[in-house]
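Colleague: Let me give you the structure first, and then I'll get to my questions.
The values are calculated or read from the model by the stated rules, or taken from the named source; none is laboratory data. Everything numeric in this text was worked out from a predicted model, so none of it was measured. Glycine also receives a Cβ, built like all others from the backbone with ideal geometry; neighbour counts cover every protein chain displayed. We work out accessible area using only protein heavy atoms, side chains counted, and drop any ligands, DNA or RNA first. Shrake-Rupley method; radii C 1.70, N 1.55, O 1.52, S 1.80 Å.
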Amino acid sequence: MRWLAWRRRGAGRRRWTSARRAEAAARAGAAAAGLEPGEGEARSLVFHGDDAEQAKRYLLGLPPIEDRRSCYLVRTPDSTWGRDAGGLYLERLRPWQCDPSRARCWGTVMAVAGLQGVLRAARGQGDNFVAQIACGRCAHEWFDGLRYQNLTAVRCPDCQTLNRVDTSCIRVDPD
């Protein structure tokens, strides 16, 4: 029995060391991406940046997060993007995204970034989920937040065209 207790202590120490290494690598990657460290909470690393696309590239480049209580956040002037065990997420939609009437073309959903985000949105636990979108004008692909079962306005980071995206075809059973 002592051997089992020793193994458990050893595994915990290894897990703690690997989490520290991942945190150090995340900080180094953020510095290389031009992001500045910010004030974080107990289990989150917070960075600040000027560009949402740069923030998303950084977050997508991180290794998978295994601890369900940990997350990385990048705050930009436009929005706050994060990554946790469920994947990439947008903290909250921008107000202009709820008015797709000004959009000039139709964007296409290429892929959903993670099932957890869609489930949360379907349950009403968030106002969006993240999907990969293709611009209707220039075909550029990027990740952005979309409303569940609704129309959303998104701006292409390449040509700056406002796209209208319809997610009425995406359905999940939230139970």
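Colleague: Which residues, taken from segment 68-85, are among the charged types (D, E, K, R) and open to solvent by less than 50 Å² (accessible area, probe 1.4 Å)?
Modeller: Within segment 68-85, the first condition is being among the charged types (D, E, K, R), and the residues that meet it are 68-69, 75, 78, 83-84.
Those that are among the charged types (D, E, K, R) and open to solvent by less than 50 Å² (accessible area, probe 1.4 Å): R83, D84.
Colleague: Out of L119, L115, L151, L162, which single residue is among the hydrophobic types (A, V, I, L, M, F, W, C) and under 14 Å from the mean Cα position of the chain (by Cα)? Spell out the reasoning first.
Modeller: Working: L119 fails: under 14 Å from the mean Cα position of the chain (by Cα); L151 fails: under 14 Å from the mean Cα position of the chain (by Cα); L162 fails: under 14 Å from the mean Cα position of the chain (by Cα).
It is L115.
Colleague: Just give me the residues in segment 138-154 being surrounded by 17 or more Cβ atoms within 10 Å (Cβ to Cβ) and in a loop (DSSP other than H, G, I, E, B), in sequence order. I'd like the intermediate steps shown before the answer.
Modeller: Start the filter on segment 138-154 by keeping residues that are surrounded by 17 or more Cβ atoms within 10 Å (Cβ to Cβ), which leaves 142-148, 151-154.
Residues satisfying the conditions are R147, Y148.
Colleague: Quick check: is even one residue across segment 35-52 within 19 Å of D144 (Cβ to Cβ), open to solvent by 60 Å² or more (accessible area, probe 1.4 Å) and of a type outside the set (S, T, Y)?
Modeller: Yes, some residue in segment 35-52 is within 19 Å of D144 (Cβ to Cβ), open to solvent by 60 Å² or more (accessible area, probe 1.4 Å) and of a type outside the set (S, T, Y).
Colleague: Step by step: first the residues of segment 86-122, then only those that are of a type in the set (D, E, K, R) and open to solvent by 60 Å² or more (accessible area, probe 1.4 Å), then the one that is nearest to G136 (Cα to Cα). Which residue is that? Talk me through it step by step, then tell me what you get.
Modeller: So in segment 86-122, the residues of a type in the set (D, E, K, R) come out as 91-92, 94, 99, 102, 104, 120.
From the residues that got through so far, the ones that are open to solvent by 60 Å² or more (accessible area, probe 1.4 Å) too are 91-92, 99, 102, 104, 120.
Working: E91: 25, R92: 24, D99: 17, R102: 14, R104: 9, R120: 27 Å.
Checking each candidate, the answer is R104.
Colleague: Right, another one. Scan segment 36-46 and tell me whether some residue there is within 25 Å of G124 (Cβ to Cβ) and not in a loop (DSSP other than H, G, I, E, B).
Modeller: Kept after step one, since they are within 25 Å of G124 (Cβ to Cβ), are these residues of segment 36-46: 41, 43-44.
Applying the additional criterion that residues be not in a loop (DSSP other than H, G, I, E, B) yields 44.
Among the residues of segment 36-46, at least one is within 25 Å of G124 (Cβ to Cβ) and not in a loop (DSSP other than H, G, I, E, B), which makes the answer yes.
Colleague: From Q132, Q125, which residue is open to solvent by less than 70 Å² (accessible area, probe 1.4 Å) and polar (S, T, N, Q)?
Modeller: Values: Q125 fails: open to solvent by less than 70 Å² (accessible area, probe 1.4 Å).
So the residue among Q132, Q125 that is open to solvent by less than 70 Å² (accessible area, probe 1.4 Å) and polar (S, T, N, Q) is Q132.
Colleague: Please give the number of the condition P157 fails out of (1) in contact with a Phe, Trp or Tyr (Cβ under 8 Å, 6 or more places away or on another chain); (2) open to solvent by less than 30 Å² (accessible area, probe 1.4 Å); (3) closer than 17 Å to Q97 by Cα; (4) not polar (S, T, N, Q).
Modeller: Here P157 meets the rest and fails (2).
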